[in-house]
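*Asks:* Supplied in structure tokens, the structure appears directly below.
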């Protein structure tokens, strides 16, 4: 499934496989910045499968408010269909991992979700805007949508805010109220 | 880096990010077929970073005998350059993981390498030939190049051989000596 974020130094958008691999490498490199210890194995598994449901449900863009209305419903139906392809024990295991990711119910899931928010931010910053240039999106929206990073790592959240501020300063995302 | 294997049901070749993500999911699903217990976390890390050196060294096709001559040298130089971008402790950690993968010195590395060989085989079989149709390649070559799977899992090796036989039977790869 093609995502919206353009790749750095490539004239095309990333796909879910590339995105998920990128998150997994980020987990390997950045796990030490988690607030408190996390289980790296489970965090890797969470990011590796977090977008699998998009095979059936499609990609819902972070700033798409219409698509967001039935996103949960579409993705749950996709999950039911997809994980049922596995043997019963693995179906239950994969489903539980995906539910954990979606609910952000553990430190691992919160860190996985933080990677999922931080990675497009890195792409957008390094592309001098990227999807930040979507009409109507302001720095306040970006900060709001990215704030889940705070629940996983104070240090990475400070870094993310610094990039958003710098992006606004350089005109890659308009400041709200201007 | 674009690899040779075409994707299933897609009119283009896979790239290293897609390939590595695919291997990681295969580790999650197939680890139970390893001969003996393996550490899933390290196996995931091994497959996630095993092709990173191709950023600088390029992709060397499995059946390219000329490229194979200086492949190790090119990839070692790429590894030196690439992993040095990380802080010292992570540089050493990533380098050790990559060396472990290359040397197949542990059950985890042997399983990771088995996934690296099995995945293109699945692509080729499901593409009714794929890179098996490279001029000069026969079923004996394929069996020879894929035999490292045997060092990780008897069950997966039996499955791989079954696919190669079926591929030869269906004319997707020529039988040697014909």
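*Asks:* Output the number of residues of the range B:77-98 satisfying the condition of being surrounded by fewer than 14 Cβ atoms within 10 Å (Cβ to Cβ) and without any contact (Cβ under 8 Å) to a residue 12 or more places away in the chain.
*Replies:* 8
*Asks:* Only one of these conditions is not met by residue B:55: (1) exposed (fewer than 15 other Cβ atoms within 10 Å of the Cβ); (2) over 15 Å from residue A:25 (Cα atoms). Which number is it?
*Replies:* (2) is the only condition that residue B:55 fails.
*Asks:* Using the structure shown, decide if residue B:18 is more than 15 Å from the chain's Cα centre (by Cα), surrounded by 15 or more Cβ atoms within 10 Å (Cβ to Cβ), at the interface with chain A (Cβ under 10 Å from one of its Cβ atoms) and part of a helix (DSSP H, G or I).
*Replies:* no
*Asks:* Can I ask one more? Within the range B:2-14, does at least one residue satisfy the condition of being within 18 Å of residue A:82 (Cα to Cα), within 9 Å of chain A (Cβ to nearest Cβ) and surrounded by 20 or more Cβ atoms within 10 Å (Cβ to Cβ)?
*Replies:* No: the range B:2-14 contains no residue that is within 18 Å of residue A:82 (Cα to Cα), within 9 Å of chain A (Cβ to nearest Cβ) and surrounded by 20 or more Cβ atoms within 10 Å (Cβ to Cβ).
*Asks:* Still on this model: Scan the range A:126-156 residue by residue and report those that are crowded, with 18+ Cβ neighbours inside 10 Å and closer than 17 Å to residue A:29 by Cβ.
*Replies:* Matches in the range A:126-156: A:149, A:152, A:153, A:156.
*Asks:* How many residues are in a loop (DSSP other than H, G, I, E, B) and surrounded by fewer than 14 Cβ atoms within 10 Å (Cβ to Cβ) if we restrict to the range A:157-175?
*Replies:* 3
*Asks:* When you check residue A:109 against the structure, is it more than 9 Å from chain B (Cβ to nearest Cβ), surrounded by 17 or more Cβ atoms within 10 Å (Cβ to Cβ) and closer than 24 Å to residue B:31 by Cβ, yes or no?
*Replies:* yes
*Asks:* Of these, B:46, B:62, B:52, which one is within 12 Å of chain A (Cβ to nearest Cβ) and either free of Cβ contacts under 8 Å to residues at least 60 places away in the same chain or farther than 19 Å from residue A:43 by Cα (or both)?
*Replies:* None of the other options fit; the residue is B:52.
*Asks:* Okay, moving on. So which helices (runs of 4 or more DSSP H) are wholly in the range B:33-131 and hold at least 1 residues that are more than 28 Å from residue B:156 (Cβ to Cβ) and touching a helix residue (DSSP H, G or I) at 6+ places or on another chain (Cβ under 9 Å)?
*Replies:* Output list reads B:54-57, B:71-83, B:88-103.
*Asks:* Which residues, counting only those in the range B:31-43, are surrounded by 15 or more Cβ atoms within 10 Å (Cβ to Cβ) and either at the interface with chain A (Cβ under 10 Å from one of its Cβ atoms) or modelled with pLDDT under 95 (or both)?
*Replies:* Those that are surrounded by 15 or more Cβ atoms within 10 Å (Cβ to Cβ) and either at the interface with chain A (Cβ under 10 Å from one of its Cβ atoms) or modelled with pLDDT under 95 (or both): B:39, B:40, B:41, B:42, B:43.
*Asks:* Could we say that residue A:70 is under 17 Å from the mean Cα position of the chain (by Cα) and either closer than 18 Å to residue A:119 by Cα or free of Cβ contacts under 8 Å to residues at least 24 places away in the same chain (or both) here?
*Replies:* Considered against the rule, which asks whether it is under 17 Å from the mean Cα position of the chain (by Cα) and either closer than 18 Å to residue A:119 by Cα or free of Cβ contacts under 8 Å to residues at least 24 places away in the same chain (or both), residue A:70 comes out as no.
*Asks:* What are the residues in the range A:134-149 that are part of a helix (DSSP H, G or I) and without any contact (Cβ under 8 Å) to a residue 24 or more places away in the chain, if any?
*Replies:* Correct list: A:143, A:144, A:147.
The values are calculated or read from the model by the stated rules, or taken from the named source; none is laboratory data. Remember, predicted model here, so these are calculated numbers, not experimental data. Neighbour counts are summed over all protein chains in view; Cβ atoms, including those assigned to glycine, are modelled from backbone coordinates with ideal geometry.
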